[in-house]
Structures are given as structure tokens and as C-alpha cells.
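> Sharing a structure here in C-alpha cells format.
The values are calculated or read from the model by the stated rules, or taken from the named source; none is laboratory data. Everything quoted here is computed from the prediction, not taken from an experiment. Don't worry about glycine lacking a Cβ; one is built from the backbone with ideal geometry, like all the others, and counts go over all protein chains shown. Heads up: the accessible areas ignore ligands, DNA and RNA and are worked out on the full protein's heavy atoms, side chains in. Shrake-Rupley method; radii C 1.70, N 1.55, O 1.52, S 1.80 Å.
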Amino acid sequence: MQSGLYVSLSAQLALRKRVDTIANNVANMNTAGFRADEVRFQALVEKVGSDSVAFASTGSEYISRRIGGMTRTNNPLDVAVQGDGWFAVKTPGGTTYTRDGRMQLSETGTLQNVQGYQMLDAGGTPLVIDPAAGPPTIASDGMISQNGNQVGAIGLFKIDDQAKLSRSNFGGVVPDKPATAVLDFAQNGVVQGFVENANVNPVMEMTKLIMVSHDFDGVSSMIQSSESSLTEAIKTLGSQT
């Protein structure tokens, strides 16, 4: 097989992965705290017989940590992260980290996220407030007060920059390295009455989709050209026998 066909077929796989990530990003562009999928690509060189053949890598997928914009809601149970911190949520699959700070109060006073999972403090303990004591006041360090009394603190966690993030089945992300509680709130903190938007740029995603579509056309032309040249070579060899 000609090397052009190897390149073209592997390129189609790479482009398909790009389409999948674009589709997922666009589908979640209105999801609070959503982190976009991105793909890194690289060139692979393989040997087939004595010929060097370049393959297009399908790429390595990763979750972008780019910070999204904020929307004011004035809801006292909505909080957004300032900086690189993450909220922690207790799920059946373990602790999940998220930038989605939309909370709700259960009848027993437990602070939960919109999926109904418990929000955690810096020590990994579920947050509980008095449902009859009125709306809470939440400071920039996550400290929760009701009627002037401190009743808890929302945990804010730092995920190592080198940690690989994977998506949790319960929303949010799970790092492959332990997260640590944020203790210095000079650059990281919590803002009450705001929600962080998805870090998806819809215009950029549409631009990527157009580029991928053009790339598909180019790859298809390359396949047709390779097949034509291969057919001509076979005809030429056959006429000489």
C-alpha cells in the first residue's frame, strides 16, 4: 500500500476525534463550570518494509483548565472560584472536583451540588448549615456564616498542574494526583452570588469545525489521488507482463 493511503486513513481518525471533542464542547457550552476537551497531535513515523511511512496521530485528549467567565446570579447559594481552585463533591465513586458552584440546601441542612451530591469542606467533611437560620453569607475564603455565626467553610482545592484530569461519571473531574486544600487565599478564593460559565468559546469551536471540514476534504482528495496513482501503476505493470 502507498504511504499516502496510510497517512490519509490515520488523518481521518485524527479528524474524527477532533469532531467528537468539538461536538462535546458545543453541547456543554452552557453548562456551568464545564471544562472543554482539547486534543494534542503529533507525527508518528513507522517502517513498512523498507519504506518510511508517516502516520497522523489520533492525538491525546486532555481537559482544558482555562478559566471561564462569571455570571452574576445574586443567589446566596451560588459560588464561583476565583483563581485555580476547585470545589470538592462527595459522590458514590469517590471525591470529584468541579468548578460548578451552584448549591442547593436539603431539608436536613446539607449543602449539595445540582446533582444532589454533598459539597465538602477542606477536611473532606460534608457541609451542613441550619435551614431555618436564613441565607448564608460566604466570604472569599469560603467561610460560611449565618446570623453572624461561623457555621463552616467551603473547601477549595488545588490540583497539581502536572496532574492528568479525567471526567467523572458523576460530573466534574478526577485527577491522577491527590488534590491539596488551598490555605492561601491571596490569589484563590470564592465569590458568592456568581456562577462560572463553561470555558468553551463557541466561535472558536465553530472555526475549528470549519477547519476540520476543510481538512476532511483535503484528506479525501489525497485518498483519491493515491488510489488513482496506484491503479495507473498496476495497469502499467500489467501491460509490461
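> In whole percent, and with a 1.4 Å probe on the protein chains, what portion of the accessible area of the stretch 106-190 is carbon and sulfur?
Ligands and nucleic acids excluded, carbon and sulfur give 48 percent.
> Here's a follow-up. Taking all protein chains together and a probe of 1.4 Å, list 66, 72, 18 from the most accessible to the least accessible.
72, 66, 18
> Using label points projected 7 Å from each Cα along Cα→Cβ, tell me how many nm separate residue 187 and residue 147, to one decimal.
4.1
> Moving on to the next point. Please compute the volume of the convex hull spanned by the alpha-carbon atoms of the stretch 66-136 and report it per residue in Å³.
Given the Cα convex hull of the stretch 66-136, per-residue volume reads 104 Å³.
> Which FRET efficiency value, to the nearest 0.05, do you get for residue 23 and residue 106 by plugging their Cβ-Cβ distance into 1/(1 + (r/R0)^6) with R0 = 41 Å? Walk me through the numbers before you get to the answer.
Details: r = 35 Å, r/R0 = 0.85.
After rounding to 0.05, the efficiency reads 0.75.
> Using the Karplus equation 6.51 cos²θ - 1.76 cosθ + 1.60 (θ = phi - 60°), what ³J(HN,Hα) coupling, rounded to whole Hz, does each residue of the stretch 86-103 give in order, writing x for Gly and Pro?
9, 7, 10, 10, 8, 10, x, x, x, 6, 10, 10, 8, 9, 7, x, 6, 10
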